[in-house]
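Contents: one structure, followed by commentary.
The values are calculated or read from the model by the stated rules, or taken from the named source; none is laboratory data. Here the structure is a predicted model, which is why all the values come from computation and not from measurement. Cβ coordinates were reconstructed from backbone atoms using ideal geometry, including for glycine residues, and neighbour counts include every protein chain displayed. Accessible surface areas use protein heavy atoms only, side chains included; no ligands, DNA or RNA. Shrake-Rupley method; radii C 1.70, N 1.55, O 1.52, S 1.80 Å.
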Amino acid sequence: MIYLVRHGETESNAAGVVQWPSAELSARGREQAQRLGERFAGLSVARVLASDYARAQATAQPVLRATGAELCSEPLLRERHFGALRGRSYAELRAEGIAPFGEDYAPPGGESWPQFRARVARAWRRTLDFAAETPGDLAIITHGMVCAVLLERHAPPAPNASGSAPPWRNTGVSILEGPPWRATLFNCTAHLPQPTDSAPV
């Protein structure tokens with residue numbers, strides 16, 4: 001079994017700003033991560049594979065403490081690279097007519113959709129290698145757009161799956177089972193006191 005998790009909230013999420021890799025968890029994000037760790041306590045997670053960005057690494061820490069799992073960092077699980085858009089607000093971009101998530105839009109100095117999807121495909125192959133080598137369940141802690149592409153292209157929801165539609169919630173948990181790999185639960189924040197939505201990256 002693979003648990004797929006989005007990182008906790010950051011100040012940039014709350015402010016609606018395209019994030020830098022160094023973005024840290026907000027106070028609410030740290031609380032979300034703590035509750036995530038409590039949710040994972042008692043589960044058979046033996047390894048956590050996390051994006052090497054600060055917000056994913058910080059989200060992983062309570063899970064590691066709760067499970068005793070090993071942490072492995074994976075650059076392929078980084079959020080989509082938005083290049084020159086990093087640090088700018090979504091409101092500002094909309095005012096300038098820029099649609100950063102548009103299918104045909106490639107951010108200057110960043111990744112196009114085809115480049116990003118190809119990288120996520122490599123991340124998925126890497127994930128399956130880790131899962132095969134892990135004596136227990138594997139938890140993946142990554143980013144909203146990575147979660148979206150993984151579920152869209154590599155582990156679509158099963159017919160009887162339960163969960164919440166995007167946007168991907170901070171510390172939202174999806175459960176992937178297979179092969180063939182399908183999501184039996186997606187974007188679940190039952191461990192939080194209330195749903196928490198924020199910007200995708």
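Quick check on my filter: what residues within segment 160-187 are touching a residue at least 40 places away in the same chain (Cβ under 8 Å), outside any strand (DSSP E or B) and either among the aliphatic types (A, V, I, L, M) or touching a Gly at 6+ places or on another chain (Cβ under 8 Å) (or both)? If the condition is that a residue be touching a residue at least 40 places away in the same chain (Cβ under 8 Å), outside any strand (DSSP E or B) and either among the aliphatic types (A, V, I, L, M) or touching a Gly at 6+ places or on another chain (Cβ under 8 Å) (or both), then W168, N170, T171 are the ones that fit.
With the structure loaded, tell me whether A33 is in contact (Cβ under 8 Å) with a residue 24 or more places away in the chain, open to solvent by 10 Å² or more (accessible area, probe 1.4 Å) and within 16 Å of the chain's Cα centre (by Cα) or whether it fails that test. For A33, the condition - in contact (Cβ under 8 Å) with a residue 24 or more places away in the chain, open to solvent by 10 Å² or more (accessible area, probe 1.4 Å) and within 16 Å of the chain's Cα centre (by Cα) - is not met.
Would you mind stating whether G42 is over 21 Å from R169 (Cα atoms) and at pLDDT below 95? Talk me through it step by step, then tell me what you get.
On the way: over 21 Å from R169 (Cα atoms): yes; at pLDDT below 95: yes.
Spelling it out, G42 is indeed over 21 Å from R169 (Cα atoms) and at pLDDT below 95.
Residues checked against (1) touching a residue at least 60 places away in the same chain (Cβ under 8 Å); (2) more than 20 Å from G144 (Cα to Cα); (3) surrounded by 18 or more Cβ atoms within 10 Å (Cβ to Cβ); (4) small (G, A, S):
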{"residue": "G37", "(1), (2), (3), (4)": "no, no, yes, yes"}
{"residue": "F40", "(1), (2), (3), (4)": "yes, no, yes, no"}
{"residue": "S51", "(1), (2), (3), (4)": "yes, no, yes, yes"}
{"residue": "A56", "(1), (2), (3), (4)": "yes, no, yes, yes"}
{"residue": "T59", "(1), (2), (3), (4)": "yes, no, yes, no"}
{"residue": "A66", "(1), (2), (3), (4)": "no, yes, yes, yes"}
{"residue": "E74", "(1), (2), (3), (4)": "no, no, yes, no"}
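All conditions in (1) exposed (fewer than 15 other Cβ atoms within 10 Å of the Cβ); (2) outside any loop (DSSP other than H, G, I, E, B) hold for A148, with the sole exception of (1).
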